[in-house]
Structure formats: C-alpha cells, structure tokens
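So the structure is just underneath, and the comments pick up after that.
The values are calculated or read from the model by the stated rules, or taken from the named source; none is laboratory data. Nothing here was measured: the structure is a model prediction, and the numbers come from that model. FYI the Cβ positions are ideal-geometry reconstructions off the backbone, even for glycines, and counts take in every protein chain you see.
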Amino acid sequence: MNWVANPYRPGAGHMPLHVAGREPEQAEFRRLLDQEVILSNVVLTGPCGVGKTVLLERFRELAVDAGWRWVGTDLSEATSLSEERIATRLITDLALATGRFVVSSRQALTKIGFSATSQRREQTLDYDLLMRVYGEAPGLPSDKLKQVLMFAAEVVGPRGIVFAYDEAQNLADHAAAKEFPLGLLLDVFKSIQRREVRFMLVLSGLPMLFPRLVDSRTYAERMFRVLQLERLDEASSREAIVRPVEVMRSPVCFDDAAVAAIVEASRGYPYFIQFICHEAFAMMVQEPDGRFVVPARDIVRKLDHDFFAARWSRATERQRELLLLAARVEREEVEEFTTAELVEASRTGGGKPFSSSGVAQMLAALTEAGLVYQSRSGAYSFAVPLFGGFLRRQGGLAAPSPPQAAGKRSKRAGR
C-alpha cells in the first residue's frame, strides 16, 4: 500500500493529535484563570510518561484563549544554583510578555530615574529596562525582583501573566551555599499576589516537587492547587489509541484485539500508549494484505532499550540491588513498596542485607536521582512508570509477556 502518515507522537512532550482523559484538570485550570485576585497557583505533578508536558501545553492554549500572556521554559539544575540566576530567568521570561508595552515618562521617572527631557525615544518594557530596574533597586535579590514585577504590573495593567515552568523538581535551596532560589520564587510570588498583581505561577514536575515546595516554605501548601496526574482509565486509554487515527482519517487502524492489548501493555500511561502505537502502526502499514499481528513483545524490548536502559545506567551497583528488590516486592496494583518490605526482602534474597537506615539513605539518593519518590509515609513508588516490569525482566523475574495484538487496514479512511 502507499505510504501512510503515522498519527502517533511518542517524543518528549510532543503534542498528540488528541489529548484524552484530562478534562477535569483542564476544567480546574479554566476556573483558576478566572481569579481576579490570585489565591491559588498550580502544581502539575506525576511520574514520567503521564503527560505533564503535554497538558502544560494545553494549559497554555487555554490561558491565551482567556486573554492571559504565557511565558516560561524548562528549569535546569543550573537555573537553581543561585538567587541571582532564578531572578534573571524570571526577568528574561517576563520581557517576552512585556516588550511591546510603552513606559510613560512619569513611570520611568519615579521608578528608574529617567527624566522627561532625557527620554529621546519611546521606551518599551524590554529586557534591558527590566534589568536596569533590577540593578538599581535596593535590597536583596528578592527585594529587587519584587520591584521589577511590581513595576511591570503597573505598566501592563490588569492583564494577567502566567509564569509556567516545567521540570520544576530541579528547583532547590542550597543552605550550605546560603542560596535559596526556591524560597525566593515562593516569597516573591506570595508578596506580589497579596498586592493583587495578576501574575500566576504554574510549576510542573515529578512527584517530589510539591514536598520540596513545602520544605522550603510551609505556606506553599496554601499557595498551590495540586493537580496530580494518574494513568488513564481504560476508556480514556482506548480513546488515546483510536482518536488519532480518526483525526488523521487514516486508512489504517487497530482492531479491538489490538486496542485491548495496547491498553494492557501500556497500563494507561500516555507516553507508552504513543510509543507502542507508533511502533505498531509503522510496521502495520508495511503489510501488503493490511492485516498482521502486532509484535508486542518486540515493542516492549525496544521500549526497554530506548526508554528504561538510560535510567538503569544512572544507578550504582548497590542501588541496583535495592531497585531489583523493590521490583520484586512492588505491589503492581498500587505500584508501590515500603521500606519495611525492602529490609525484609533483603534478608531472604541471598545477598548482603540492607539495614533500615541504609534503605532510607539509599531511597533518598534515588529520589534525588529521579528514580523513585515517596508516595506516602514509609511507602515509595518508581518515578518512571513500568520501571518495575523492566527491572523484573533484568533480574529474570518478569511476568508473562504481553499478548500479541492484531491490527488491520480499514476498508475506508477515517474508520
């Protein structure tokens, strides 16, 4: 058959043709956009592959449609090294939203010392001007940044601006270096929002993000509405599989058996749905008779190599021993394990046992590495969905392989 475009997009944060199963979160975000005074900011959190970045992009569309300006980026560890760096990050992003606004002579005079006679050209609220305000403001970096944001708010008026940052679990305070960039971020937004500035903070990241916010400033619990993304239910998983084909009006589609097998293999995680569907679709369109068996086992092996192996390589040998123990005792229905279970399993596993304190220290290190997170007191989960299955395959403890799935070419496009 002729070449057929693949409707599935398993890249990092690539927008799928259809976002399935996130209607409640979108409705809640629309409600928050209606705030005249910002009482609640947003934390969007969940494990890898659950669709945070995709939903963040959908939030951007909703915000722009509602008349807000949207700025932001991915946060790196380097951004979080110092208060000056996080301040520069925010000012850089703010300038993108304010660069077209003209500053009046009176505003310039009272805020940064311009005189009406010295202002020979139209002065816009660009990066250079914002940094001048920052540099000439007195006080600590937090005081300076507040001055910048209040000045920008006076110029742009009642228009709202969303500051959105993905990978925000990288934010951290560094007490030893006397640098508190995370605390600065929270302090600044709390302060300006109390003065009724409509600048909203949206942070997206792994499940350790919100505990880090609260550890930095206990009042963070009252600053944020936490939207916790879980895997999709069966109906939404099926929708995520079927709808992209319909949107593209493709002559190729998965039959019911294939859809059921993909739902089972992906466990409802959006990234894995896209990955498995992309690989299966690419092979299916090459079949001359339009019908074949989706090689789910081979696709899972490719997923092991392309997605899980790099994360496995981050762990030390001793950490790998603990991860394999965790995979062995993980309760798959809730996808978690406890410290007590790990200690007990280590005593019967034939290797060097772990002490309770040793497990606690190693889980803390694995949390910092983004491999696990504390789901509740004494209990942990893998930060990467389906990582337990990969580990069980590594240790020869894998459950039976997923069933093979059938696919077909439909008789008409858009089927």
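Below is a table of values for the structure above.
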quantity	calculated
Answer residue from the stretch 244-264, given it is of a type in the set (D, E, K, R) and surrounded by fewer than 14 Cβ atoms within 10 Å (Cβ to Cβ) and is farthest from S375 (Cα to Cα) among those	R249
Residue tally, condition surrounded by fewer than 16 Cβ atoms within 10 Å (Cβ to Cβ) and assigned to a helix (DSSP H, G or I), over the stretch 334-361	8
Filter result (in a helix (DSSP H, G or I) and either modelled with pLDDT under 90 or closer than 15 Å to D128 by Cβ (or both)) within the stretch 94-115	L94, A95, L96, T98, S105, R106, Q107, A108, L109, T110, K111, I112
Condition met for E36 (assigned to a loop (DSSP other than H, G, I, E, B) and among the acidic types (D, E))	yes
Any hit, the stretch 364-374, residues being small (G, A, S), touching a residue at least 24 places away in the same chain (Cβ under 8 Å) and part of a helix (DSSP H, G or I)	yes
Considering residues of the stretch 11-35 that are touching an Asp or Glu at 6+ places or on another chain (Cβ under 8 Å) and not small (G, A, S) only, the residue farthest from R238 (Cα to Cα)	M15
Members of the stretch 199-215 found to be over 19 Å from the mean Cα position of the chain (by Cα) and surrounded by fewer than 20 Cβ atoms within 10 Å (Cβ to Cβ), listed by number	D215
Residue, farthest from the chain's Cα centre (by Cα), within the stretch 117-173, restricted to residues that are in a helix (DSSP H, G or I) and more than 30 Å from G205 (Cα to Cα)	E136
Condition met for V4 (in contact with a strand residue (DSSP E or B) (Cβ under 6 Å, 6 or more places away or on another chain), β-branched (V, I, T) and farther than 15 Å from S204 by Cα)	yes
Pairs where the first residue, in the stretch 290-303, is within 11 Å of C277 (Cα to Cα) and the second is β-branched (V, I, T) and at pLDDT 70 or above, C-beta under 6 Å, 6+ apart	I299/I276
Some residue of the stretch 230-243 being among the aliphatic types (A, V, I, L, M) and exposed (fewer than 14 other Cβ atoms within 10 Å of the Cβ)	yes
Qualifying residues in the stretch 265-291 (those that are modelled with pLDDT under 85 and buried (at least 18 other Cβ atoms within 10 Å of the Cβ)) - the one nearest to L342 (Cα to Cα)	M284
